[in-house]
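Asker: Have a look at this one.
Readers should treat all values here as calculations from the given coordinates under stated rules, not as data from a laboratory. What you see is a predicted model; the values in this text were computed from it and never measured. As a convention, Cβ positions derive from the backbone with ideal geometry for all residues, glycine included, and neighbour counts pool all protein chains shown.
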Amino acid sequence: MSLQGFLGLYMQNFSVIILAAGLGTRMKSSLPKVMHELSGKPLVRWVIDAVSPLKPDKIVVVVGYGRKVVEENLSGSNVKFVYQGKQLGTAHAVAQAKEVLKDYNGDIVVINGDVPLIKTDTISNLIKSNKDNGSSVTVLSTEVKDPFGYGRIIRKNGFLEKIIEEKDASLVEKQIKEVNSGIYCFDKNLWKALLKVKLNNVKKEYYITDTIAILKNSNSKASIVCVKNEFEVKGINSRVDLSQMETILQEQKIKSLLNSGVSIINTKNVYVSYDASIGTDTIIYPGTFIDTGVTIGKSCVLKGSNYIIDSKIGDESIISYSYVNGANIGKKVKIGPFAHIRPGSILKENVKIGNFSETKKSLIEKNSKVSHLSYIGDAQIGTNVNIGAGTITCNYDGKHKHQTIIEKNVFVGSNTNIVAPVKIGKGSLIAAGSTITHDVPKEKLAIARARQELKHRIKK
Ligand code: UD1
Ligand code: MG
């Protein structure tokens, strides 16, 4: 059997409990803490995305405060929810998962829902270490510069003894820099240990961290895996934590882009989502915000304050001062300055969308131009079409949206209203200022405007 196959079998034998029921008092927010977003993705989703590649048997999410928002956001992902009615502490939260996992024989990974940067490999090592050591619990720890707020790892003769929370720690214990990450792997002794957790702390909560000493005292083995990178296991408790984490992610992303051949003129003045893919020799000027779901090709230029989300941009395209959402943009396309490219826009090679123009749910074929002040919605535009300044597709009758079809080589004069549904045949020319309400056959000149009259000017 291959090593991967072996690991695959090995890894199947665990489940995950994610703690996501807390309000997160320190966030000072009505939104549950785990729904706050890091780089556009809720904290709890980061955790789910980190464990999912290991294919756990079950992922149980403990919800409580704001459960509806959490459940709605995670609907569609392969998780089970259990409800913690009152937030009586992390041990109480884990206990809620018992109904789902009590007959389960594999190991159980417990993860706080506020640890977004945890890596898949680290969790995999934690599970392996718990099994290899024959431990009942293995705690993931790290050494931090400032341990304030974390549970401290208390070792005796080098071995894990217990975890003491900040509020219960003595002055000496508070000096300890090795802290609990809030990520643990338990065997099924977890459930027995939970029954013994007491309310004997300052916060008057049931602490999952108390299970360590409980298991040790019942002759079970408790071990530690210590990770080097403290940011990987940093818990988010406040907006300060969140913004620091965002900065760290940004720094990592920008560095990796620079190293992969992308130019960023001012690294402090752009935002690039963790999941963006950007090709070599692309230049990003100050002010651009690249949100989630963006792929940008090679040798593109992003100039000025662009906002781009959920879009694909082909090689050698230039986007300046524009808002691009849900678009599929081909090679050598020029957008902006000040264009609005909305969902469903498909712009093929060499298309130009100029200033104050908007496109929506429209296909614009190669070499066509919408250079100034236009609205193109629910339209199909062929190759080599020129849309004159101020032209709009009148796609909405107040109830329904209608299609406009403009075939190749059409020239639409400035300030034209195209009242959909309508089709303009190939090679036709629409006179400036027309209001087109009927189909135009191919290769015609359509003039649909009041004739100019000349009258005597009466001077007063
Ligand atoms: C916890 C640990 C601490 C560790 C730190 C790591 C305990 C007692 N302390 O502290 O040792 O260093 O994480 O970041 O576990 N939650 C519930 N129900 C509750 C309470 C909390 O689901 O009743 C959830 C929260 O939504 C959160 C997670 O559990 O996702 C951790 O809670 P939090 O209040 O952030 O614990 P910390 O004070 O950070
Ligand atoms: Mg926390």
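Asker: So which aspartates and glutamates pass the test for residue 332, namely a Cα distance under 16 Å, with those fewer than 8 places away in the same chain ruled out?
Answerer: Within the straight-line cut-off, residue 332 pairs with 281, 315, 316, 349, 365.
Asker: Which of the listed residues, 136, 271, 405, is farthest toward the dipole's positive end in the chain, when Lys, Arg count +1 and Asp, Glu count -1 at the beta-carbon?
Answerer: 405
Asker: Could you work out the local net charge near residue 67, counting Lys and Arg as +1, Asp and Glu as -1, over the other residues with Cβ closer than 14 Å to its Cβ?
Answerer: Net local charge, residue 67 excluded: +2.
Asker: Could you pull out the trypsin sites (Lys or Arg not before Pro) across segment 46-118 that fall in loop regions by DSSP (anything but H, G, I, E, B) with no more than 11 other Cβ atoms inside 10 Å?
Answerer: Sparse-neighbourhood loop trypsin sites (Lys or Arg not before Pro): 86, 102.
Asker: Round to the nearest 0.05 the FRET efficiency obtained for residue 310 and residue 258 when R0 = 22 Å and r is the Cβ-Cβ distance.
Answerer: Numbers: r = 24 Å, r/R0 = 1.10.
Efficiency computed from Cβ-Cβ geometry: 0.35.
Asker: If you don't mind, another one. How charged is the neighbourhood of residue 216? Take every other residue with its Cβ under 10 Å from the Cβ of residue 216, and add Lys/Arg as +1 and Asp/Glu as -1.
Answerer: +2
Asker: Using only Cα atoms, what is the ratio of the radius of gyration of the chain to 2.2 N^0.38 Å?
Answerer: Computed over Cα atoms of the chain, the ratio equals 1.32.
Asker: What is the sum of charges around residue 414, taking Lys and Arg as +1, Asp and Glu as -1, for the other residues whose C-beta is under 14 Å from the C-beta of residue 414?
Answerer: Residues close to residue 414 contribute a combined charge of +2.
Asker: Which whole-number percent gives the relative contact order of segment 239-446, counting Cα pairs below 8 Å spaced six or more residues apart?
Answerer: Working: 677 pairs, mean separation 18.0, N = 208.
Rounded, it is 9 percent for segment 239-446.
Asker: In whole Hz, what ³J(HN,Hα) sequence does segment 55-71 give by Karplus (6.51, -1.76, 1.60; θ = phi - 60°), x for Gly and Pro?
Answerer: With coefficients 6.51, -1.76 and 1.60, one gets 6, x, 4, 9, 10, 10, 9, 8, 10, x, 4, x, 4, 4, 4, 5, 5 Hz.
Asker: Figure the gain on full extension for residue 166 and residue 246 (residue separation times 0.36 nm, minus the Cα-Cα span) and round it to one decimal in nm.
Answerer: On the way: separation 80, 0.36 × 80 = 28.80 nm, distance 2.50 nm.
In short, 26.3 nm is gained.
Asker: How big is the charge dipole of the chain about its Cα centre, in debye rounded to the nearest 20, if each Lys and Arg gets +1 on its Cβ and each Asp and Glu gets -1 on its Cβ?
Answerer: With only Lys, Arg, Asp and Glu charged at Cβ, the dipole is about 1340 debye.
Asker: What distance in nm separates the two pseudo spin-label positions at residue 356 and residue 450, each 7 Å out from Cα along the beta-carbon direction?
Answerer: Computed distance between label sites residue 356 and residue 450 equals 2.3 nm.
Asker: Shifting gears a bit: Using 30 Å as the Cα-Cα cut-off, could you pick out the over-long pairs in 102/198; 128/204; 55/174; 352/423; 167/228?
Answerer: The answer is 128/204; 55/174.
Asker: For the chain, give me the percentage of DSSP beta bridges that are antiparallel, rounded to the nearest 5 percent.
Answerer: 20
Asker: Below 8 Å, C-alpha to C-alpha, sequence gap of six or more: please give me the relative contact order for segment 166-257 in percent.
Answerer: 22
Asker: Under the rule a/c < 1.5 gives rounded, and otherwise a/b versus b/c splits prolate from oblate, where does segment 9-164 land using the Cα gyration tensor?
Answerer: The shape class here is oblate.
Asker: Still on this model: Using label points projected 7 Å from each Cα along Cα→Cβ, tell me how many nm separate residue 72 and residue 443, to one decimal.
Answerer: It works out to 5.7 nm between the two label points.
Asker: Taking 8 Å as the Cα distance limit and 6 or more residues as the minimum spacing, I'd like the relative contact order of the chain as a percentage.
Answerer: Computed over the chain, the figure is 8 percent.
Asker: Here is a further query. Helix-derived [θ] at 222 nm for the chain: sum -39500 (n - 2.57) over DSSP H runs of at least 4, divide by residue count, nearest 500?
Answerer: On the way: 10 runs with 88 residues, N = 460.
After summing the helix terms and dividing by residue count, I get -5500 deg cm²/dmol.
Asker: Continuing with this model, one more query. Enumerate the aspartates and glutamates that residue 196 could reach by cross-link, defined here as Cα to Cα under 15 Å, with residues fewer than 8 away along the same chain left out.
Answerer: Hits, sequence-local ones excluded: 205, 210.
Asker: Now a separate question. Could you give me the percent of Cα pairs per 10 Å distance bin for segment 239-446, shortest bin first, beginning at zero and ending with the bin that holds the maximum distance?
Answerer: Per 10 Å bin, starting at 0, the Cα pair percentages come out as 10, 35, 27, 17, 9, 3, 0.
Asker: Report, ordered by chain and residue number, the lysines lying within cross-link reach of residue 68, taken as a straight Cα distance under 23 Å and ignoring same-chain residues fewer than 8 apart.
Answerer: 28, 33, 41, 58, 80, 86, 98
Asker: Now, a different point. Starting from the Cα-Cα distance between residue 457 and residue 100, subtract it from 0.36 nm times their residue separation and give me the gain in nm to one decimal.
Answerer: 119.6 nm
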